[in-house]
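Here the structure comes first, spelled out in structure tokens, and everything after it is commentary.
No lab work stands behind these numbers, since they all come straight from the coordinates. Treat the numbers as computed from the prediction; the structure is a model and nothing was measured. With ideal geometry, Cβ positions are generated from the backbone for all residues, glycine too; neighbour counts draw on all protein chains shown.
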Amino acid sequence: MGQGVETVLLVDDHQLVAQLLSSTLAAEPDLECVGVAHDASSAVRQARALTPDIVLMDVRLGDGDGIAVARELLADLPRTRVIVLTAFADTRLVQRAVEAGVSGLVAKDGQIEALLELVRRSARGSFVHGDGIPAPRRQEDRLAAAGLDPRAGEVLRLLAAGLGVQEMARELGTDEATVHQQVAVVLTALGVDTPHAAVSAAVERGLLRVGGR
């Protein structure tokens, strides 16, 4: 493996597709296929053993869902980027991918050159998508759909960081009474009783991303 080469693990239950992608990567000077998996369990096992820079994975596997597998992998390998291949993508699938920490979503009927470009453009903590893939909803839109404004998003972020009321007041440039009010608004909107439950609910609904994902 030469300097500047990124390692790639391929995950696809269609062996012919996996072989074609492996051959394509072999011809690229800056990308190296270090493993091929044909099911979810093998993907998890190989990813943990190989710690690839990139996992290129089909969304539908014989024994699992590619986005669910991505979430599991990224919990163990936060520096890895996962690019998901899909035959069909709607807004809900895109949001699931974003919430799982996936770095990119690509249509399987697209051009191989576009796939390679997206792989190279991908970066942890951001989301790129190929032609034919809907753009993810903005954080502000997701908050608004839950009845929250951007300031509530900041409150959620500070709650997730474990800050107390006094620290939150300092960060937000306000007083403690206002922080108490803002936290109460968040709890009511999410239908929970505690800040910890609010953070959990926000992560589940894609309103908050923690752990660098």
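Data table
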{"item": "Max mean-square fluctuation residue, GNM over the chain, Cα-Cα springs under 10 Å, options 81, 48, 170", "result": "170"}
{"item": "Gaussian network model of the chain, Cα within-10 Å springs - most flexible of 164, 130, 104", "result": "164"}
{"item": "Two-site label geometry, residue 167 and residue 60: point separation in nm, points 7 Å out along Cα→Cβ", "result": "4.6"}
{"item": "The chain: C-alpha gyration tensor shape, a/c 1.5 cut-off, then a/b vs b/c", "result": "prolate"}
{"item": "Listed residues 197, 100, 70, most fluctuating in the chain (Gaussian network, C-alpha, under 10 Å)", "result": "197"}
{"item": "Helix axis angle, 15-26 relative to the chain longest principal axis, alpha carbon, degrees", "result": "90"}
{"item": "MRE, 222 nm, helices only [DSSP H, n ≥ 4, -39500 (n - 2.57), over the chain, to nearest 500]", "result": "-14500 deg cm²/dmol"}
{"item": "In order through the stretch 166-173: 3J(HN,Hα) via Karplus (6.51 cos²θ - 1.76 cosθ + 1.60), integer Hz, x for Gly, Pro", "result": "5, 5, 5, 4, 5, 5, 8, x"}
{"item": "Positive-pole candidate from 189, 33, 55, dipole of the chain, charges at beta carbon", "result": "189"}
{"item": "Cα-centred dipole magnitude for the chain, charges only on beta-carbon of K, R (+1) and D, E (-1), debye, nearest 20", "result": "240"}
{"item": "The stretch 139-204, relative contact order in percent, only Cα pairs under 8 angstrom and at least six apart counted", "result": "31"}
{"item": "Rounded, prolate or oblate (a/c below 1.5 giving rounded, otherwise prolate when a/b exceeds b/c) for the stretch 6-129 by Cα gyration tensor", "result": "rounded"}
{"item": "Distant-in-sequence amide H partners of residue 104 (H built 1.01 Å from N, under 5 Å)", "result": "82, 84, 128"}
